[in-house]
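Enquirer: Have a look at this one before I ask anything.
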Amino acid sequence: MNRPRIIADQNMPLVEAYFGHLGEVKLVAGRDIDPQAIEGAEILLLRSVTEVNQKLLQGSAVRFVGSATAGTDHIDLEYLENNNIQFAHAPGCNAEAVVQYVLSVFSYLKPEWQQSRVGIVGCGNVGGRLYQKLRSLGVECQVYDPFLTASQIPDLVNFDRVLHSDIISLHTPLTTAGDFPTYHMFNQQVFNQLKPNALLINAGRGAVIDNLALVQRLNQSDNLQVALDVWESEPEINTELVDLVSIATPHIAGYSNEGKLRGTTMLAEALGAYLSDQSMQSPNNLNDSLKAPLDTAGKDLNQLLLECYNVANDDQRMRKTLKDSGVAQGFDQLRKTYPQRREYSHFKVSADASLSHQLKILGFSAD
């Protein structure tokens, strides 16, 4: 392929730095990537807001599709395979960022989370990472994942049992077929089984929760805390549900600087292999060796986690923006203009032995 035309989602970082030497790069808003936008392009690089299917690609010159995301439910994989279009994505690229989002929710809404029973639904890249960290901290966990065995996950339980957790965090793909579909997995019947004052977090896929049923449940009783980063019908999300949940964020759980960069890097490696291009490598100026010192004096673990990333700030920003700019426009604006957020590995800490041990488990650079 000689000097291909590349169309990329404008929310992907450093596209020019990674791919500019290959050919003409044009950045387009993800929701504006349509048949006209990709005309003449051989390479398409995108994120989760673009639906990739026959409607988009039929008659196009696209031969390579790369999605800088872990999930693939926005991709018609069968169509790509049948039409000899190469596909690559970035499983696990933002797993650490999503775990840190969840821990921020814990620290903000359930400060006693280390003494709580945490249920994890889906134990893949994100859920598995969350489970290992919590287990290493001594937190009691229950995991539901019908595709794993007790030899893989000692704390594996059935679905009914995981519902009796104090905190439930959802990390499943969105599926509608097979023996264990996840579409509307959490519905009115399930909500009625949750413990009083439980915390339910969804940073996976919006439609795993029946949003209308959740509105009904929260209108009936306020004894359920809910934190949602993903929603049905994004960006036209249910504003009544926004008003009812404890934390509302615009699908940014994985939006750390490091997570986004990993996604771009993984696509660069995949495209380099596809093109047999030996020059495909990370730009030299991306080595972030400087760690930011974090003052731990007089602070507990929750305070430190919230100091690094406080999910309440994203919640407040979302509520204000949706009110000022409208729902769909505001939702996408929040994602496009999301402020810089660094993962724990960026921070260097010095603390007493017990706190230092906890911080190392979570990924901080500790003395």
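Enquirer: Quick check on the stretch 86-101. Is at least one of its residues touching a strand residue (DSSP E or B) at 6+ places or on another chain (Cβ under 6 Å), outside the structural domain of Ala268 (by TED's automatic domain parsing) and of a type in the set (A, V, I, L, M, F, W, C)?
Expert: No - not one qualifying residue is present in the stretch 86-101.
Enquirer: Within the stretch 289-308, track down each residue that is touching a residue at least 40 places away in the same chain (Cβ under 8 Å) and over 14 Å from Leu359 (Cα atoms).
Expert: The answer is Lys291, Ala292.
Enquirer: Could you please find all residues in the stretch 60-75 being touching a helix residue (DSSP H, G or I) at 6+ places or on another chain (Cβ under 9 Å) and either crowded, with 21+ Cβ neighbours inside 10 Å or among the β-branched types (Val, Ile, Thr) (or both)?
Expert: Scanning the stretch 60-75 gives Val62, Phe64, Val65, Gly66, Ser67, Ala68, Thr69, Ala70.
Enquirer: So, Gln152, is that one surrounded by fewer than 16 Cβ atoms within 10 Å (Cβ to Cβ) and assigned to a helix (DSSP H, G or I) or not?
Expert: So Gln152 fails the test.
Enquirer: May I ask you to say which residue of Ser233, Ser246, Ser256 is of a type in the set (S, T, N, Q) and at positive phi?
Expert: Ser233
Enquirer: Say we look at the stretch 313-357 and pick out the residues that are touching a residue at least 40 places away in the same chain (Cβ under 8 Å), polar (S, T, N, Q) and not in a helix (DSSP H, G or I); which of these is farthest from Asp243 (Cα to Cα)?
Expert: If we take residues in the stretch 313-357 being touching a residue at least 40 places away in the same chain (Cβ under 8 Å), polar (S, T, N, Q) and not in a helix (DSSP H, G or I), then Ser350 is farthest from Asp243 (Cα to Cα).
Enquirer: Right, next: Can we say Ile75 is within 24 Å of the chain's Cα centre (by Cα) and hydrophobic (A, V, I, L, M, F, W, C)?
Expert: Yes, satisfied.
Enquirer: Applying the selection to the stretch 201-245, what residues are within 18 Å of Met185 (Cα to Cα) and charged (D, E, K, R)?
Expert: Matches in the stretch 201-245: Arg205, Asp210, Arg217, Asp229, Glu232.
Enquirer: Is it fair to say Gln114 is modelled with pLDDT of 95 or more, in a helix (DSSP H, G or I) and surrounded by fewer than 22 Cβ atoms within 10 Å (Cβ to Cβ)?
Expert: Taking the combined requirement at face value, the residue satisfies it.
Enquirer: Can you name every residue in the stretch 155-175 that is modelled with pLDDT of 95 or more and of a type outside the set (A, V, I, L, M)?
Expert: Once the filter is applied, which keeps residues that are modelled with pLDDT of 95 or more and of a type outside the set (A, V, I, L, M), the stretch 155-175 yields Asp155, Asn158, Phe159, Asp160, Arg161, His164, Ser165, Asp166, Ser169, His171, Thr172.
Enquirer: Another question, if that's okay. Could you check Thr172 against (1) surrounded by fewer than 16 Cβ atoms within 10 Å (Cβ to Cβ); (2) touching a Ser or Thr at 6+ places or on another chain (Cβ under 6 Å) and say which number it fails?
Expert: Among (1) surrounded by fewer than 16 Cβ atoms within 10 Å (Cβ to Cβ); (2) touching a Ser or Thr at 6+ places or on another chain (Cβ under 6 Å), Thr172 violates only (1).
Enquirer: Which condition does Lys360 not pass, out of (1) in contact (Cβ under 8 Å) with a residue 24 or more places away in the chain; (2) in a helix (DSSP H, G or I), if it passes all the others?
Expert: (1)
Enquirer: Here's a follow-up. Considering the stretch 202-236 alone, what residues qualify as being acidic (Asp, Glu) and more than 18 Å from Glu51 (Cβ to Cβ)?
Expert: Listed by number, the residues that qualify are Asp210, Asp222, Asp229.
The values are calculated or read from the model by the stated rules, or taken from the named source; none is laboratory data. Just so it is clear, the model here is predicted, and its values are computed rather than measured. Counting neighbours? That spans all protein chains shown, and the Cβs are built from the backbone with ideal geometry, glycine included.
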